[in-house]
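Following: one structure in structure tokens, then a few remarks.
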Amino acid sequence: MITEITGPKIKRIHPKKFALWMALVSMIMFFTALTSAYIVRKAAGNWYAFEIPKEFFLSGGVALVNSVLLHVAYRLYKERNYTIFKLLISLGFVLGVAFVVLQYLGWLALNGQGVYAQTNQSSSFFLILTLSHGLHVIGAITALMVSWIYAIRPSTTAWTEKRQLRLELTFTFWHFVDILWIYLLIFFWVQQ
Amino acid sequence: MADINIAEQDLHQEDGHHGHDDHHHGDKYQSSFVDRYVFSQDHKTIAKQFLITGMFWAVIGAGMSIIFRLQLGFPDSDMAWLQPLLGGWIEIDPVTGSGVLSPDFYYALVTMHGTILVFFVLTAGLSGTFSNLLIPLQVGARDMASPLMNMLSYWFFFLSGAIMFISLFLNTGPFSGGWTAYPPLSELPQASDGSKAGATLWIISLVFFVVSVLLGGINYITTILNMRTKGMHMFRMPLTIWAFLITAVLGLLSFPVLASGFFMVTFDRVLGTSFFLNEIYVAGEALTTRVGGSAILYQHLFWFLGHPEVYIIILPAMGIVSEVLSVHSRKPIFGYKAMVFSILAIAVLSFLVWAHHMYMSGMNPFIANIFVLFTLIIAVPSAVKVFNWIATIWGGNVRFNSALLFSIGFVSMFISGGLTGIFLGNSAIDIQQHDTYFVVAHFHIVMGVAAFFGMYAGIYHWFPRMYGRFMNETLGKIHFWGTLIGAYAVFGPMHYIGMAGVPRRYYKFDGFDAFSQFTEINQFITIAAIIVFVLQILFIINFFYSMYKGRRQTEMNPWGATTLEWTAPIDAGHGNWDGEIPEVHRWPYDLSRYEDREFVMQTEPLAEGEMDGGH
Ligand code: HEM
Ligand SMILES: [Cu+2]
């Protein structure tokens, strides 16, 4: 029945992948709005510059490593190299959690410097950007958890087209949040 | 087996075997009442859910306007009779026993009216209904790219509405700071009663609304770009589909910006930041701790959504009108490609004009000039569309049924409202007109009434596709003529009082010498508004009556249309077509183009050596 109605296949990008890209576009708009507001507000003066704690740079490194690991993991999965794949995806998961912890520690360090959300527009913007980004990372961690459970459960490790797609979607989102953080970091660094 | 994705590429299951839901319609999601009518994933059902929810909100939103119109038309009348409905919001004088509408609640009503109509009715109810109904059917897909996401889109809308509904019953009343939710009214609880819990619920509700729009929009775009049937090139898509596509793109790009503004408002409300607050006095006291922000920044973020939003509302109506005018004039749409490109031009320009809502916010006049320029340029593609609609019906074999009449009504309204837009678009003229009834008249005609007309045209036209029956034509015509005349009677005079300087959002005018002379006009407007409201109730009666008792649809393609939605069985199940999805061989407007054939459907192959239309 299914083959009957499927008809000739037209080679197009997978709808779910496309939908993810659309979602990324909307997230980019969200962050563009916030960073534009940041620039506009900063130009108006009365802007308190503070030192960005090293934790945030550390989390930048974690994000980079995480992206590389997940990328390699995806390659390995396609080559059916499950052992190292499992290891890397587990590591990626740990790094994802570590990222959130580092962001939190970074904020504690800021509080230590006497910088709070309400201190100045600069810290309010810093919070709203790091928090928005952090919420996206938590979403990504949730997605990664699903892939990770599939990966380590022996009955669901083996390659299927659908699982590969799931990984691809999850990892694409991870690359997005990782790169987004690097971008934000550079943005803060240049702007501060 | 959890997710049945009707996307044909996706029929493979997780473990490679197909299980019991091999057949493409009557899947297990339709096995029980709840799955079929409540948590349905069938785009056709979701469309009806959007429509009926939209109608529910339209009655509430319009009902509110009747109450505040009573206040504006008859400010000194006794409103005690409304007390059973509004309770404490009618303040009863203990001595005389006569009641007045509480000023706080007047503002709450105006705010809710705007929010409900703009977002719940004309965004969700219009684009949600017709994008859902028509996208899969007209591009030739069994359902949306992700039926699950589509269902979630509706339920987020529902949740958003439920929260807003609850806010109507708060002790301190719903939000009352205007549909644009400018700070500080939207941020400082001490600013007004509506700024307390009402504002919190308003923001939460709208955040869920944004989620709904994004989930829906992502699906619409993905479905249109990825799941068209064989032969359905972009330039063979009906203009409805073009309109829905661009609408969804606009939403995808602009709603996140609104969300970011709301996020900042939430920060200000919850965390004590001051993104949008500076130098504020409440009840004579300076707020010394909340400084450094800028309320104008919020306006920029809001109108960056706000202006595209008005096109999000009007583009689907334009698409519907193009289709209906062409089918019922039995003529191809005039200038198909010009129509497509003008939609695209409007979409691009709509992102470059937002500050025309802020000419009076103290912006640099030189910057205002740039926005004047882009604003006036938008009139060009708009005029192209108007011209093409008129040329489409010109000399056609026109069937004057309700669907067509409402489409013509749309064009009439769009012209009238577009012309006043050109006045407002000039920043110098706007000094006088801003925040007056002239603006109210402008946007109600060009957006409010026009979009409603587009929606009505769509409902009358596609009612058979939704319910297998026709709506009553006599009632439809009464509905049309009454609403057309009534709407002009309501909003026409507003231009006049607006030019005289009467400001919008005032509770009453008798305290102002300059404005108190318009009492009779205001009474006239109120009476006309009540008549128009009653006519819409007539429409609703017609709608539900026809659903059960209307004339049955007997032919698959009752209007002699060319598009794919009329190739699916009258009672199509989930999956739309019983056999294969039809292939498309030509553009959608082969009406009266052949000597011997009145119309040729999109599924019919081109003759040997024949050129496809639309070039
Ligand atoms: C010819 C094209 C148009 C031009 C030049 C134009 C121009 C303007 C301007 C300058 C304003 C601001 C007036 C003020 O607040 O002082 C305005 C308000 C408005 N316009 Fe238009 N407009 C056009 C078409 C439209 C269309 C097609 C829609 C909707 C479908 C629309 C919806 C609105 C709304 C909702 C407002 C008022 C929002 C508010 O303040 O609450 N306009 N228009
Ligand atoms: Cu505008």
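The values are calculated or read from the model by the stated rules, or taken from the named source; none is laboratory data. Everything numeric in this text was worked out from a predicted model, so none of it was measured. Every residue, glycine among them, receives a Cβ derived from its backbone with ideal geometry; neighbour counts consider all protein chains shown. Remember, those area values only see protein heavy atoms, side chains included, never the ligands or the DNA or RNA. Shrake-Rupley method; radii C 1.70, N 1.55, O 1.52, S 1.80 Å.
Here are the numbers:
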{"read-out": "Accessible area expressed per residue, the protein assembly as shown, with surrounding protein chains retained (probe 1.4 Å, Å²)", "value": "39"}
{"read-out": "Protection proxy ranking, peptides B:201-212, B:325-336, A:51-62, average beta carbon neighbours within 10 Å, highest first", "value": "B:325-336, B:201-212, A:51-62"}
{"read-out": "Long-range HN-HN contacts of B:Thr436 with modeled amide H, under 5 Å", "value": "B:Arg504"}
{"read-out": "Other-chain or far-sequence residues with amide H under 5 Å of B:Lys230's (modelled H)", "value": "B:Val584"}
{"read-out": "Net dipole in debye of the protein assembly as shown [+1 Lys, Arg Cβ; -1 Asp, Glu Cβ; about Cα centre; nearest 20]", "value": "1020"}
{"read-out": "Computed helical MRE - 222 nm, the protein assembly as shown, DSSP H runs ≥ 4 contributing -39500 (n - 2.57), nearest 500", "value": "-21000 deg cm²/dmol"}
{"read-out": "Among B:250-257, B:345-352, the order from most to least packed when residues are scored by Cβ within 10 Å on average", "value": "B:250-257, B:345-352"}
{"read-out": "Cross-link table A:Lys42/B:Lys196; A:Lys16/A:Lys86; B:Lys331/B:Lys477; A:Lys17/B:Lys44; B:Lys477/B:Lys549, entries beyond 26 Å C-alpha to C-alpha", "value": "A:Lys42/B:Lys196"}
{"read-out": "Counted charge near B:Pro103, where neighbours are those whose Cβ lies closer than 12 Å (Asp, Glu -1; Lys, Arg +1)", "value": "-1"}
{"read-out": "Residue-averaged beta-carbon neighbours from other chains (10 angstrom radius) around B:256-268", "value": "5"}
{"read-out": "Shape call, the protein assembly as shown: gyration tensor on alpha carbons, a/c limit 1.5", "value": "oblate"}
{"read-out": "Cα Rg, Dmax, segment B:515-577, angstrom units", "value": "21.1, 62"}
{"read-out": "Buried accessible area, chains B and A (both chains, 1.4 Å probe, Å² to nearest 100)", "value": "3800"}
{"read-out": "Built amide H within the under 5 Å cut-off of B:Phe599, gap 5+", "value": "B:Ser592"}
{"read-out": "Percent accessible area from carbon and sulfur atoms, the protein assembly as shown, protein chains only, probe 1.4 Å", "value": "68"}
{"read-out": "Interatomic Cα distance distribution for chain B, bins of 20 angstrom, percent", "value": "19, 53, 25, 3, 0"}
